[in-house]
Amino acid sequence: QVQLVESGGGLVQAGGSLRLSCAVSGGTFSGKVVAWFRQAPGKEREFTAVIRNDGRTYYSDSVKGRFTISRDSARITSYLQLNSLKPEDTAVYYCAVGNVILSQIRRSESYNSWGQGTQVTVSS
């Protein structure tokens with residue numbers, strides 16, 4: 001099982017940007033689905049973005065057009081670019097990896113490897 005470490009979170013004003021990173025050790029993302037989820041205080045963990053092994057990406061409606069998921073060519077780091085941030089984007093952001101079929105990619109239960117999370121706080 002791979003190990004995941006997120007970084008890049010912080011405090012930013014509304015309208016600002018952040019770039020989150022998810023580094024993998026003990027393996028690569030090759031052949032796997034990489035997803036980002038987020039969890040705000042008092043709320044359930046929610047799907048944010050995913051990149052499949054074939055490079056196709058999917059986003060939640062709340063972040064579509066503002067966030068971009070990507071990965072490097074070595075498939076050992078995934079990125080989540082956060083633009084036009086809003087206070088409601090405040091959450092702990094987690095990356096996750098798994099062998100997940102298309103119909104299940106938005107479900108957190110589908111992923112078996114998780115990072116520890118990185119805090120993103122957006123001030124108004």
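The values are calculated or read from the model by the stated rules, or taken from the named source; none is laboratory data. Nothing here was measured: the structure is a model prediction, and the numbers come from that model. FYI the Cβ positions are ideal-geometry reconstructions off the backbone, even for glycines, and counts take in every protein chain you see. Ligands, DNA and RNA are excluded from the accessible area calculation, which covers all protein heavy atoms including side chains. Shrake-Rupley method; radii C 1.70, N 1.55, O 1.52, S 1.80 Å.
Report yes if Val100 is crowded, with 17+ Cβ neighbours inside 10 Å and more than 14 Å from the chain's Cα centre (by Cα), otherwise no.
Yes; evaluated as a whole, the condition is true for this residue.
Among the listed residues Val12, Val5, which satisfies the condition of being over 25 Å from Ile101 (Cβ atoms), at pLDDT 95 or above and open to solvent by 60 Å² or more (accessible area, probe 1.4 Å)?
Val5
Just to be sure before I move on: is Phe67 buried (at least 16 other Cβ atoms within 10 Å of the Cβ) and modelled with pLDDT under 95 in the structure I sent?
Considered against the rule, which asks whether it is buried (at least 16 other Cβ atoms within 10 Å of the Cβ) and modelled with pLDDT under 95, Phe67 comes out as no.
For the range 29-38, how many residues are at pLDDT 95 or above and either out of contact with any helix residue (DSSP H, G or I) (no Cβ under 9 Å at 6 or more places or on another chain) or open to solvent by 60 Å² or more (accessible area, probe 1.4 Å) (or both)?
2
Look at Ser73 and say whether it is in contact with a Leu (Cβ under 9 Å, 6 or more places away or on another chain) and at pLDDT below 95.
The answer is no for Ser73.
A quick yes/no check of all residues on (1) over 20 Å from Gly115 (Cα atoms); (2) touching a helix residue (DSSP H, G or I) at 6+ places or on another chain (Cβ under 6 Å); (3) modelled with pLDDT of 95 or more:
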| position | (1), (2), (3) |
| --- | --- |
| Gly27 | no, no, no |
| Ala40 | no, no, yes |
| Glu46 | no, no, yes |
| Arg56 | yes, no, yes |
| Pro87 | yes, no, yes |
| Tyr94 | no, no, yes |
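Would you mind finding the one in Ser78, Ser21 that is in contact with a strand residue (DSSP E or B) (Cβ under 6 Å, 6 or more places away or on another chain), in contact (Cβ under 8 Å) with a residue 24 or more places away in the chain, open to solvent by less than 40 Å² (accessible area, probe 1.4 Å) and under 17 Å from Tyr111 (Cα atoms)?
Result: Ser78 is the single residue among Ser78, Ser21 that is in contact with a strand residue (DSSP E or B) (Cβ under 6 Å, 6 or more places away or on another chain), in contact (Cβ under 8 Å) with a residue 24 or more places away in the chain, open to solvent by less than 40 Å² (accessible area, probe 1.4 Å) and under 17 Å from Tyr111 (Cα atoms).
State whether the residues of the range 104-113 include one that is among the polar types (S, T, N, Q) and within 16 Å of Gln3 (Cα to Cα).
Taking every residue of the range 104-113 in turn, at least one turns out to be among the polar types (S, T, N, Q) and within 16 Å of Gln3 (Cα to Cα).
Can you pull out every residue in the range 103-120 that is over 11 Å from Ala35 (Cβ atoms), open to solvent by 50 Å² or more (accessible area, probe 1.4 Å) and either in contact (Cβ under 8 Å) with a residue 12 or more places away in the chain or in contact with a His (Cβ under 9 Å, 6 or more places away or on another chain) (or both)?
Listed by number, the residues that qualify are Asn112, Gln116, Gln119.
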